[in-house]
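Remarks on the structure that follows.
Any read-out appearing in this document is the output of simple, stated calculations on the displayed coordinates, not a laboratory observation. Given the structure is predicted, the values throughout are model-derived calculations rather than measurements. Note that each Cβ is placed from the backbone with ideal geometry, even for glycine, and that neighbours are counted across all protein chains shown.
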């Protein structure tokens, strides 16, 4: 069985399984599960207080934040908000639909792919057939965002195969590529019964080529910066031309783009969505890097920068990989329990989370609370 096929059932369970009250005793750590459920309920209650009168959250020009808040609500482990959406959730979806464009995208005026992909995830999470036509058109929009620079149809540019922030973009990156792949995966049931002749398809070999061009693995990545030194081998950088971590000079004088935590989890998850097998050397290499650099105290190589995106992507990737234990402080720990306790301790008494470091919008408590809730929802189903 292919790796991604194994993952698909796990990911679907993580996103949609309803855990009725009579099954609560099946949790291995019932006490912690109950604490996590309480934290999730408290976080969602706080989100409700932050919704604008027009149904949006945070920035009306960034529907992605509204989409993340809705996805967090739909992921509530009990499933109650999804089965019986309250008025504030319905208003949120009504607001999101106001961003739908004639081209199928769901955005205000910029960051077209980023906003559309996250909106697509929110629509898919609702499991409402009335959204299916919008989802299909948004899928086509995302697929057309795949970058092909240089000679059309040839992988002759480092950015080819990936996806960037939006239309007319001249670069791809791992974060946007992951978001697009995730949106396409979770919305695929809406096109399952359509004739293949009616479907636009992503160029999957090109996607995989782009992903490996962002990995510090010289055996598969021929970019001159790719490094096999112990600090970097197997990990990921932001794009084939850039790492968000500071570059480093190797003992031989070469400059390496430094691998870092959040984007290495994005790399693992992207390989999974691209149906790369579990025993593939590229997957083995990134998992090895993640194990060597596992921590709950910072985003490796970036410290507090993007910390909550790191937690959010970690929870998704390790759930998808079906990992239970990770090395921490010299021993193997249950990463779900560790991450749950970390996020419980970081939650403010009012119910929100926020990063004191503002890089990548993480001083926005709505965005960070959505990240934290989604991370806890993945964690809860494995406790």
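Tabulated data
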item: Residue order, fewest to most surrounding Cβ atoms within 10 angstrom, among 123, 96, 199; result: 199, 96, 123
item: Cβ-based exposure ranking for 57, 335, in which fewest neighbours within 10 Å come first; result: 335, 57
item: Residues 193, 322 arranged by fewest to most Cβ contacts within 10 Å; result: 193, 322
item: Normalised contact order of the chain, rounded percent, pairs of Cα under 8 Å and 6 or more residues apart; result: 19 percent
item: Span per principal axis, largest first, for the Cα atoms of the chain (Å); result: 58, 52, 42
item: Protection-proxy order for peptides 323-330, 302-309, each taking the mean of Cβ atoms within 10 Å per residue, highest first; result: 302-309, 323-330
item: Theoretical FRET efficiency, 1/(1+(r/R0)^6), r = Cβ-Cβ of residue 254 and residue 199, R0 30 Å, to 0.05; result: 0.10
item: Taking all pairs of distinct alpha-carbon atoms in region 16-129, Kirkwood radius in angstrom; result: 14.9 Å
item: Part-to-part distance (alpha-carbon centres) for region 224-253 and region 89-144, which is given in Å; result: 36 Å
